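For reference, the structure discussed in these notes is given below.
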Amino acid sequence: MLAYSITLCAYALMSKRIVPKHPAMGYTAIMTEKDRERISGESTDSDSKRYESASRVRKRIEALERDTEILKEYHPKLYDELREVVCE
């Protein structure tokens, strides 16, 4: 259930467009740099490209749920770090 909560927190952050750019240039967390540009409206790409980015991010959020379950069971410290970042 907590993994689901983390997933919801991540989605809420992205839908409010308050996910900051990752400090490591080109690093992919949930979004690529291009996804960030399209979803934030910084890109002049078409709406279909923006939809494609949103779809890819949605799939990564689904994968995040499984990842959080693994972290919770096998590396609780990393799980706690993830919770702190995503649910703040």
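Figure legend. Inter-residue proximity from the range 56-76: first residues under 19 Å from Thr28 (Cβ atoms), second residues small (Gly, Ala, Ser), beta-carbon distance below 7 Å, spacing 6+ or different chains. Indicated pairs: Ile61/Ala10; Leu64/Ala10; Glu65/Ala3; Thr68/Ala3. Just one of the listed residues (Glu42, Glu73) is surrounded by fewer than 15 Cβ atoms within 10 Å (Cβ to Cβ), among the charged types (D, E, K, R) and in a helix (DSSP H, G or I), namely Glu73. Taking the listed residues Thr7, Thr32, Thr44, Thr68, the one that is modelled with pLDDT of 80 or more and under 17 Å from Glu88 (Cβ atoms) is Thr68, with no other qualifying. Would you call Val19 of a type in the set (A, V, I, L, M, F, W, C) and modelled with pLDDT under 75? Yes, satisfied.
Of all residues being of a type outside the set (D, E, K, R), surrounded by fewer than 16 Cβ atoms within 10 Å (Cβ to Cβ) and at pLDDT below 95 in the range 77-88, which is farthest from Ile30 (Cα to Cα)? Just the residue, please.
Cys87
If you go through the range 45-70 and pick out every residue that is polar (S, T, N, Q) and surrounded by 14 or more Cβ atoms within 10 Å (Cβ to Cβ), you end up with 2.
The values are calculated or read from the model by the stated rules, or taken from the named source; none is laboratory data. Everything numeric in this text was worked out from a predicted model, so none of it was measured. In this analysis, Cβ positions are derived from the backbone assuming ideal geometry, glycine residues included, and neighbour counts consider all displayed protein chains.
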